[in-house]
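For reference, the structure discussed in these notes is given below.
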Amino acid sequence: MPSLREWQTRFAAALLQGDGDTDEHVAIYRNTVFSNYRHALGATFAVVKQLVGAPFFDAAVDAYALAVPSLCGDLNVYGGDFPEFLASYPHARDLPYLADVARLEWAIDAAARAADVAGTPESLLTALANVPAEQGVAQRFTLDPSCHFVHSGHPVLRIWQVHQPGFAGDMAISSDVAPDYLLVRREGGAVIIERLTPGDHALLRTLNDGSDLGLALDAAVAAEPDFALETTLRARIANRTLAQLRGD
Amino acid sequence: MNRHLPNSAGLGLRAPHVSHVLAAHPSVPWFEVHSENYFADGGPALAALDRIRTDYPISLHGVGLSLGSTDALDTAHIAKLSRLVDRIQPTQVSEHLCWSSVNGRHFNDLLPLPYTREALDHVCARVSAVQDCLGREILVENVSSYLTFPESTMLEFEFVVEVAVRSGCGLLIDVNNIYVNARNHGGDADAYLAAIPPALVAEIHLAGFDASGPCLIDTHGAPVAPEVWSLYERALRRFGAVPTLIEWDTHIPEFAVLQREAATAQSYLEAELAVAA
C-alpha cells in the first residue's frame, strides 16, 4: 500500500488527467471540481461570461484551472490571474477588450473584499493642518485599501454597464472613444466605479505607488495641463479615496 | 466552556438571502455560514455578518481547511479562521473529514480519504492541531463519496468515530451523506447510526441529492428526499433532538422554500422531544 501522500498525489493526477481512461467515479470528482471553478469564476467574471457565452467561458476556465492551480482553500480568491490568462488565450485573440473587462471585474471583486479603514476625512484634514506649509509637497498618502485602478484602451466601463442585469438602454458601444482610466473603490459600503480625468488618474496612481504629493502633482499636470490640485485633494479626502498620511 | 446551538432547525445562510435576513429579520433559530466566504479583510459581506450575529447564533462551517491533506497545515488559512472566530464569536465551528489539496494544488472540493490507520493517525493529529490553534473544540463532518478504496481497512463510521474519540472533537453528522454513501456503496445506514455514540453528536446536516447519474450526487441543490427524512427520524431517536441544519448551495431557491424545509425538520425535532418527554 502506498503512503497516504503517494496515494493523494496519484488521486490528484488521475483527477486532473481527464482522458478516456479516467475511472467513471473519479470523473464525477473531476466534474465537480471543474464545475466549482466554472461557477466561482462565472460569478466573478459575469460580464466576460456574457460576452463569450457559457461554452466558451467554461472551456476557458477549464484551461485556466489546469494551467494556473488554485493555491488556497478559499475559492473566493481564485481567479486573480484569469485576466492575464485571457490576454494570451489563443481562442480570445479576436476579442482584444476581453482581458480588460476581466481586469475590471476582478477589481470589483477585490474592492469588495478589501480591509475597512478606521480613519475619517476629519482626522486626515487635522493631520494635514499640522504639516508645515513648506513640507506639503513631501507628504505621502495611503489610499483606501479598496482602491483598484483599471486602465484600458477599450471602453470597458461602457461594456460592463450595458451587460449589467436590468440594463434597458441602448446596447450600442462605440469603439471610437478615449481610453478608460477607471478607479474602482468602496464608498459607503458599496463598490463604485469612477471614470477618472487623466490628471486625477495620474495624481492618484502616483500617490498610490508611494510617491510624494510633489511628484504626483508633476504627473497630474503632465497628463492634464490645467489640473486643479486643491479641488481634487478636497474631493478625494471628503470621499475617503485618500485615507491617511503615510507614517501615521 | 460548553457551546450549544439551539436544539432546533437552523438554515445555511447564503449570499442571495443576506439582504432579506437583514431587512425582514425572519424567525430562524440559528444560521450557519461557510467560514471561507467571510475570510475577507473587510467590506460589506463581513459587515452584514457582524449585524446578523447580533441577532442570531452563528455556526461557522469550513469547506477549505483540507484536514486530511498530507501537505502542511495551512497556517494562513487557520489564521483567517481564527480571526473570524474572534470577530463573530460563533456558537459552533466545524469542518469536513476529507482532503482537498496536495502538493500545493487545491481542488476546492471535499475529496474522500482511504480509511486506513495512517490516514486516521494523520487526521487525528491535524484535528488536534487545529483545535489547539483555535483554542476550542471543533466538529468534523462525514462527507458523501462516489468512490470506495481497496486500501481502506476500516469502515467509514469506524474512522469517523475514532477521529472524534482520539482528537476530542465533536461530530457533525450529515444524515444525507450517510444515506448517499449507503446507496452508492451498498452500506447499511442504520448500522452507521447505531455505531455513533450519541454523546459525540453536536449537530446534524440535511440536504438534497441528485439521482440522475450513475450514483447519488450530494448536490445540496434539491429538497431533502423522503428516505432521508425517514433516516433523520431514526437518527433523532438515537441521538436525541440535535441542532439540525438545512443546507442548499446550488440552484438556491427563495428563502421561504428553505424555511419550509426547516419547518419540516422542526416538526421531527418536536416529535422526538415529545416522545422523549
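Within a 10 angstrom radius of each residue's Cβ in A:143-149, how many Cβ atoms of other chains show up on average? Whole number is fine.
Details: counts 0, 0, 3, 3, 0, 0, 0.
For this peptide, the per-residue mean of nearby foreign Cβ atoms is 1.
Across peptide A:74-83, the average count of Cβ atoms from other chains found within 10 Å of a residue's Cβ is 4.
Please state the shape class of chain B: rounded when a/c is under 1.5, otherwise prolate if a/b exceeds b/c and oblate if not, all from the C-alpha gyration tensor. Let's see the in-between values first.
Numbers: a/c = 1.43, a/b = 1.08, b/c = 1.33.
Note, shape of chain B comes out rounded.
Using +1 at the C-beta of Lys and Arg and -1 at the C-beta of Asp and Glu, which of B:Ser144, B:His251, B:His4 has the Cα lying farthest in the positive direction of the dipole of chain B? It is B:His4.
Give me the extension gain from B:Asp41 to B:Ala79: residue separation times 0.36 nm, minus the current Cα-Cα distance, reported in nm with one decimal. Working shown, then result.
Working: separation 38, 0.36 × 38 = 13.68 nm, distance 1.20 nm.
Contour length minus the Cα-Cα distance gives 12.5 nm.
Using a/c under 1.5 as the rounded threshold, could you call the protein assembly as shown rounded, prolate or oblate? The axes a ≥ b ≥ c are square roots of the C-alpha gyration tensor eigenvalues, and prolate needs a/b larger than b/c, oblate otherwise. Prolate shape, in that a/c is at least 1.5 and a/b is the bigger ratio. A simple rule links phi to the HN-Hα coupling: the Karplus curve 6.51 cos²θ - 1.76 cosθ + 1.60 with θ = phi - 60°, which for the stretch A:84-99 gives 5, 4, 5, 4, 10, 6, x, 6, 9, 4, 8, 10, x, 8, 4, 5 Hz, with x for Gly and Pro. When the Cα centres of the stretch A:138-195 and the stretch B:249-277 are compared, how far apart do they sit, in Å? The stretch A:138-195 and the stretch B:249-277 have Cα centres separated by 44 Å. Applied to the stretch B:14-29, the Karplus parametrisation 6.51 cos²θ - 1.76 cosθ + 1.60 on θ = phi - 60° returns per-residue 3J(HN,Hα) values of 10, 3, x, 9, 5, 5, 5, 5, 5, 7, 9, 6, x, 7, 9, x Hz, with x for Gly and Pro. Just to confirm a number: summing +1 for Lys and Arg and -1 for Asp and Glu over residues other than B:Ala76 whose beta-carbon lies under 14 angstrom from that of B:Ala76, what do you get? With Lys, Arg at +1 and Asp, Glu at -1, the neighbours total -3. Each of A:Phe167 and A:His39 was given a label point 7 Å from its Cα along the Cα-to-Cβ line. The distance between the two points is 2.7 nm.
Can you figure out the FRET efficiency of B:Ala191 with A:Thr9, using R₀ = 30 Å and their beta-carbon distance, to the nearest 0.05? It comes to 0.35. The spacing between the stretch B:1-48 and the stretch B:185-243, judged by their C-alpha centroids, is 23 Å. When the charge dipole of the protein assembly as shown is built from unit charges on Cβ atoms (+1 for Lys and Arg, -1 for Asp and Glu) and taken about the Cα centre, the candidate among A:Val221, A:Ala168, A:Val52 whose Cα reaches farthest toward its positive end is A:Val221. Packing around the peptides B:107-114, B:159-166, A:143-150, taken as the average count of other Cβ atoms within 10 Å per residue, puts them in this order, highest first: B:107-114, A:143-150, B:159-166.
Taking a ≥ b ≥ c as the square roots of the eigenvalues of the Cα gyration tensor, the stretch A:172-211 is classed as oblate, since a/c reaches at least 1.5 and a/b does not exceed b/c. Between the helical axis of A:4-17 and the longest alpha-carbon principal axis of chain A there is an angle of about 90 degrees. Note on the stretch A:41-94: with charges restricted to the Cβ of Lys and Arg (+1) and Asp and Glu (-1), its dipole about the Cα centre is near 100 debye.
Once you charge only the Cβ atoms, +1 for Lys and Arg and -1 for Asp and Glu, what is the size of the charge dipole of chain B about its Cα centre, to the nearest 20 debye? Write down the numbers at each step before the final one.
On the way: 17 positive and 33 negative charges, 103 e Å.
Once rounded to the nearest 20, the dipole reads 500 debye.
Summarising the amide proton neighbourhood of B:Ser94: residues at separation of 5 or more, or on other chains, whose placed amide H is nearer than 5 Å comprise B:Leu60, B:His61, B:Gly62, B:Leu139.
Modelled this way, with points 7 Å down the Cα-to-C-beta line, the labels at B:Ala263 and A:Thr22 are 4.2 nm from one another. In a simple Cβ point-charge model (Lys, Arg +1; Asp, Glu -1; nothing else charged), the protein assembly as shown has a dipole of about 640 debye relative to its Cα centre. Summing Lys and Arg as +1 and Asp and Glu as -1 over all other residues whose Cβ lies under 12 Å from the Cβ of B:Val123 gives a net charge of -1.
Just name one of B:Gly43, B:Val228, B:Ala125: the one whose Cα is farthest towards the positive end of the charge dipole of the stretch B:9-276 (beta-carbon charges, Lys/Arg +1, Asp/Glu -1). Ranked along the dipole, the leading option is B:Gly43. For the stretch B:152-174 versus the stretch A:45-88, the spacing of their alpha-carbon centroids is 37 Å.
The mean number of partner chain beta-carbon atoms within 10 angstrom of a residue's beta-carbon across peptide B:108-116 is 5. Using the Karplus relation 6.51 cos²θ - 1.76 cosθ + 1.60 with θ = phi - 60°, the per-residue 3J(HN,Hα) values for the stretch B:255-267 come to 4, 4, 5, 5, 5, 5, 4, 5, 5, 5, 4, 4, 5 Hz, with x marking Gly and Pro.
When B:Cys215, B:Cys169, B:Cys98, B:Cys133 are sorted by how many other C-beta atoms sit within 10 angstrom of their C-beta, beginning with the fewest, the order is B:Cys133, B:Cys215, B:Cys98, B:Cys169.
Sort B:199-206, A:85-92 by packing, meaning the average of other beta carbons within 10 Å per residue, with the highest value first.
Values: B:199-206: 21.6, A:85-92: 15.2.
Order by mean packing, descending: B:199-206, A:85-92.
FYI, it's all coordinate maths here, none of it is from the lab. Values in this document were obtained by computation on a predicted structure and should not be read as measured data. Here Cβ is always computed from backbone atoms with ideal geometry, including for glycine, and neighbour counts include all displayed protein chains.
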